[in-house]
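**Q** One structure, pasted below without further comment.
The values are calculated or read from the model by the stated rules, or taken from the named source; none is laboratory data. Quick caveat: nothing in here was measured; it's all calculated off a predicted structure. Here the Cβ is made from the backbone with ideal geometry for all residues, glycine too, and neighbour counts use every protein chain on show.
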2 protein chains.
Amino acid sequence: MHISKAHPRYRSLVTREMMAREVKAGIVSPSGLIAHGRGEAFDYLLGEKTIEHARVSEGAAAALLLSAKRPVISVNGNTAALCSKGIVKLAKVSGSKIEVNLFHRTEERIELVVAFMEKAGGKGVLGRNQDARLPGIASDRALCERQGVFSADVVLVPLEDGDRAEALVKAGKKVIVVDLNPLSRSSRAATITIVDEVTRAIPNVIEATSLLGDAKQRRRVLAAYDNSTNLAKTIRFMSARLESLAEEGKG
Amino acid sequence: MHISKAHPRYRSLVTREMMAREVKAGIVSPSGLIAHGRGEAFDYLLGEKTIEHARVSEGAAAALLLSAKRPVISVNGNTAALCSKGIVKLAKVSGSKIEVNLFHRTEERIELVVAFMEKAGGKGVLGRNQDARLPGIASDRALCERQGVFSADVVLVPLEDGDRAEALVKAGKKVIVVDLNPLSRSSRAATITIVDEVTRAIPNVIEATSLLGDAKQRRRVLAAYDNSTNLAKTIRFMSARLESLAEEGKG
């Protein structure tokens, strides 16, 4: 379908069309489209921009990734479709491995998404040989690679489902999530929650890594960070924005 | 995929799976899944229940449909997938015609969705012979039937897109929308906006029709209704709920 650039929702319509295409290609699952829609709604409440509280989380995420011994970025279909190149770049600057983990897992889709990430420049992308299981999840979503997520100390999981985010935390890992819904179980379970759209969040984390070369500074950033306070402030931001939009509508 | 009934999001997961299946069947478009996700997010802000302000809109919608000379219910893929039987029943009790109108329109999908509505019991479902155009829309979404939407005085459009809702209003029709996003262009353009999940909203409108048999009473209900005030109250409700969830998260 042709989309006019004059349409008030041009950018999100183009992204929607791209995501729909990636369903046909097998990268994105149909449920991934629904999740994308949920994200769109919450992003609208942010004003479709990176808010101050997200910047703080993005800085803390950069500090945590750089301080990690075995950082892994876990990639699902939506993350691959939306920002494969950003993920590859962040993996490089933070020394992280990339592992593909899917909610709707089939061998075929794993292969498709791993190949997609490799095409975007990813080196040594994991996911094809998932030989370990996260405790606490009954389904195939428990699967991961021993040399990847299973032995990671820090995992960045953009757009993760709540079950897995909780299981990763229970397995003793520090978990960074990117989730536009500050009320989700993932958001509440994570060590650091970035409430920002993933294509804005990843470049911001990359930028922050370049400013946090010093270990002492990283410790300072992490010591100052409190996730539940940050989440509460984010929810208040959305609430206040709704309130101001209600006023506007009346005018 | 098997979904455990113990999962905290059981109902919405089951609906998601159903919607994903209907994409394969051609009833729902991939973009329809994204729209469904947006709705889920806003429904979460309502507490996934019919709020008082939605009840008021549902009563006004029933009064307007019963007062109309040529009411039409416009059905898209998502509405068909989510509540075909409710739509058929509402059409019957309100004397409305049903017409299928799709955002992602192909002859094949029109036929599929019309047949789907007929299978749900719909009589004389329109949409196959769209021989008129709504002014103000350049694309095929302008198409409608002369004996249906084109000559309607009142149109109920659950889950409509903003362009069409605005075009219907400009064409001089009274427009009832069902939209979980109180901030959308559809919501702002409509004569009556029902901010409620469509499978809750339609039965509520049906129930309200049974209480509004008297024409004088219907006029009273409509005279008392103010859409922009109702929308502002709805947005405030969401804002207050976010605020209280922020408090909860802290505790």
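**Q** Scan the stretch B:32-47 and report the pairs whose first residue is touching a residue at least 40 places away in the same chain (Cβ under 8 Å) and more than 7 Å from every other protein chain (Cβ to nearest Cβ) and whose second residue is outside any helix (DSSP H, G or I) and aromatic (Phe, Trp, Tyr), with Cβ atoms within less than 7 Å and a gap of 6+ or a chain change.
**A** If the second residue must be outside any helix (DSSP H, G or I) and aromatic (Phe, Trp, Tyr), no pairs are left.
**Q** Out of all the residues in the stretch A:4-20, which are more than 11 Å from chain B (Cβ to nearest Cβ) and part of a helix (DSSP H, G or I)? Write out each step before concluding.
**A** Step one: list which residues in the stretch A:4-20 are more than 11 Å from chain B (Cβ to nearest Cβ), which gives A:5, A:10-11, A:14.
Matches in the stretch A:4-20: A:TYR10, A:ARG11, A:VAL14.
**Q** Is there a residue being touching a residue at least 24 places away in the same chain (Cβ under 8 Å), under 18 Å from A:LYS24 (Cα atoms) and touching a Ser or Thr at 6+ places or on another chain (Cβ under 7 Å) anywhere in the stretch A:150-157?
**A** Kept after step one, since they are touching a residue at least 24 places away in the same chain (Cβ under 8 Å), are these residues of the stretch A:150-157: A:151-157.
If we keep only those that are under 18 Å from A:LYS24 (Cα atoms) too, we end up with none.
Within the stretch A:150-157, none of the residues are touching a residue at least 24 places away in the same chain (Cβ under 8 Å), under 18 Å from A:LYS24 (Cα atoms) and touching a Ser or Thr at 6+ places or on another chain (Cβ under 7 Å).
**Q** Okay, next question. Taking the condition surrounded by 24 or more Cβ atoms within 10 Å (Cβ to Cβ), in contact (Cβ under 8 Å) with a residue 24 or more places away in the chain and in contact with a Pro (Cβ under 8 Å, 6 or more places away or on another chain), does B:VAL28 pass?
**A** no
**Q** Follow-up question, since we're still on this one. Among the residues in the stretch B:225-234, are any small (Gly, Ala, Ser), within 11 Å of chain A (Cβ to nearest Cβ), within 24 Å of A:ARG38 (Cα to Cα) and in contact with a strand residue (DSSP E or B) (Cβ under 9 Å, 6 or more places away or on another chain)?
**A** no
**Q** Okay, moving on. Provide a single number: the residues in the stretch A:206-236 that are assigned to a helix (DSSP H, G or I), farther than 20 Å from A:GLY47 by Cα, of a type in the set (A, V, I, L, M) and in contact with a helix residue (DSSP H, G or I) (Cβ under 9 Å, 6 or more places away or on another chain). Quick ask: steps written out before the conclusion?
**A** First, pick out the residues of the stretch A:206-236 that are assigned to a helix (DSSP H, G or I): A:206-209, A:215-224, A:227-236.
The next check asks that each one be farther than 20 Å from A:GLY47 by Cα; those that pass are A:206-209, A:215-224, A:227-229.
Next, only the ones that are of a type in the set (A, V, I, L, M) stay: A:206, A:208, A:215, A:221-224.
Within this subset, residues satisfying the condition of being in contact with a helix residue (DSSP H, G or I) (Cβ under 9 Å, 6 or more places away or on another chain) are A:206, A:208, A:215, A:221-222, A:224.
Residues flagged as assigned to a helix (DSSP H, G or I), farther than 20 Å from A:GLY47 by Cα, of a type in the set (A, V, I, L, M) and in contact with a helix residue (DSSP H, G or I) (Cβ under 9 Å, 6 or more places away or on another chain) within the stretch A:206-236 amount to 6.
**Q** Same structure, new question: Considering only residues that are hydroxyl-bearing (Ser, Thr, Tyr) and within 25 Å of A:GLY37 (Cα to Cα), look in the stretch A:192-211 and name the one that is surrounded by the most Cβ atoms within 10 Å (Cβ to Cβ).
**A** Keep residues of the stretch A:192-211 that are hydroxyl-bearing (Ser, Thr, Tyr), which gives A:193, A:199, A:209-210.
Then drop every residue that is not within 25 Å of A:GLY37 (Cα to Cα), which leaves A:193, A:199.
Details: A:THR193: 29, A:THR199: 14.
Applying the filter and picking the extreme gives A:THR193.
**Q** Here are some residues: B:THR209, B:THR193. Which one is under 19 Å from B:ALA152 (Cβ atoms), more than 9 Å from chain A (Cβ to nearest Cβ) and touching a strand residue (DSSP E or B) at 6+ places or on another chain (Cβ under 6 Å)?
**A** Criteria check complete, one pass: B:THR193.
**Q** Filter the stretch A:145-180 for residues that are at pLDDT 95 or above and under 23 Å from B:ASP43 (Cβ atoms); which is surrounded by the fewest Cβ atoms within 10 Å (Cβ to Cβ)?
**A** Per the criteria, the residue is A:LEU180.
**Q** Among the residues of the stretch B:38-75, write down those that are surrounded by fewer than 23 Cβ atoms within 10 Å (Cβ to Cβ), over 20 Å from B:THR234 (Cβ atoms) and among the small types (Gly, Ala, Ser).
**A** Within the stretch B:38-75, B:SER67, B:ALA68 meet the criteria.
**Q** Something else about it: Whether any residue in the stretch B:164-179 is under 24 Å from A:LEU242 (Cβ atoms), within 14 Å of another protein chain (Cβ to nearest Cβ), in contact with a Phe, Trp or Tyr (Cβ under 9 Å, 6 or more places away or on another chain) and not in a strand (DSSP E or B) is what I want to check.
**A** Yes, because at least one residue in the stretch B:164-179 is under 24 Å from A:LEU242 (Cβ atoms), within 14 Å of another protein chain (Cβ to nearest Cβ), in contact with a Phe, Trp or Tyr (Cβ under 9 Å, 6 or more places away or on another chain) and not in a strand (DSSP E or B).
**Q** So A:ASP214 ticks every box in (1) within 14 Å of chain B (Cβ to nearest Cβ); (2) surrounded by fewer than 24 Cβ atoms within 10 Å (Cβ to Cβ) but one. Which box is left unticked?
**A** Single failed check for A:ASP214: (1).
**Q** Please determine, by comparing only the residues of the stretch B:21-31 that are touching a Gly at 6+ places or on another chain (Cβ under 7 Å) and closer than 19 Å to B:ALA120 by Cα, which one is nearest to the other protein chains (Cβ to nearest Cβ).
**A** The residue in question is B:VAL28.
**Q** Let me ask something else. Please give the number of the condition B:SER187 fails out of (1) more than 23 Å from A:ARG38 (Cα to Cα); (2) under 11 Å from the mean Cα position of the chain (by Cα); (3) among the small types (Gly, Ala, Ser).
**A** Condition (1) is where B:SER187 drops out.
**Q** Against the definition (at pLDDT below 95 and not in a helix (DSSP H, G or I)), how does B:ILE137 come out, yes or no?
**A** yes
**Q** Within the stretch A:38-55, which residues are over 19 Å from A:ARG9 (Cβ atoms) and of a type in the set (A, V, I, L, M)?
**A** A:ILE51, A:ALA54
**Q** Please verify whether the stretch A:48-61 includes one or more residues that are within 14 Å of another protein chain (Cβ to nearest Cβ) and of a type in the set (Lys, Arg).
**A** no
**Q** Quick check, is B:ARG241 within 23 Å of A:SER239 (Cβ to Cβ) and either within 9 Å of chain A (Cβ to nearest Cβ) or at pLDDT 95 or above (or both)?
**A** For B:ARG241, the condition - within 23 Å of A:SER239 (Cβ to Cβ) and either within 9 Å of chain A (Cβ to nearest Cβ) or at pLDDT 95 or above (or both) - is met.
**Q** Just to verify a result, which residue in the stretch B:121-144, among those that are surrounded by fewer than 19 Cβ atoms within 10 Å (Cβ to Cβ) and within 23 Å of B:LYS85 (Cα to Cα), is farthest from the other protein chains (Cβ to nearest Cβ)?
**A** Looking at residues that are surrounded by fewer than 19 Cβ atoms within 10 Å (Cβ to Cβ) and within 23 Å of B:LYS85 (Cα to Cα), I get B:LYS123.
**Q** Output the residues belonging to the stretch B:98-118 that are more than 22 Å from B:ASP163 (Cα to Cα) and either in contact (Cβ under 8 Å) with a residue 12 or more places away in the chain or among the aromatic types (Phe, Trp, Tyr) (or both).
**A** Result: B:GLU108, B:GLU111, B:LEU112, B:VAL114, B:PHE116, B:MET117.
**Q** All but one of (1) within 17 Å of A:PRO30 (Cβ to Cβ); (2) surrounded by fewer than 24 Cβ atoms within 10 Å (Cβ to Cβ); (3) more than 14 Å from every other protein chain (Cβ to nearest Cβ); (4) of a type outside the set (D, E, K, R) hold for A:PHE103, so report the exception by its number.
**A** A:PHE103 satisfies all of (1) within 17 Å of A:PRO30 (Cβ to Cβ); (2) surrounded by fewer than 24 Cβ atoms within 10 Å (Cβ to Cβ); (3) more than 14 Å from every other protein chain (Cβ to nearest Cβ); (4) of a type outside the set (D, E, K, R) except (3).
**Q** May I ask you to list the residues in the stretch B:140-156 that are outside any helix (DSSP H, G or I) and of a type in the set (A, V, I, L, M, F, W, C)?
**A** Restricting attention to the stretch B:140-156, the residues satisfying the condition of being outside any helix (DSSP H, G or I) are B:143-148, B:152-156.
B:LEU143, B:CYS144, B:ALA152, B:VAL154, B:VAL155, B:LEU156, listed by residue number.
**Q** Among what's in the stretch B:59-113 and is of a type in the set (S, T, N, Q) and not in a helix (DSSP H, G or I), pick the residue that is modelled with the lowest pLDDT.
**A** It comes out as B:THR106.
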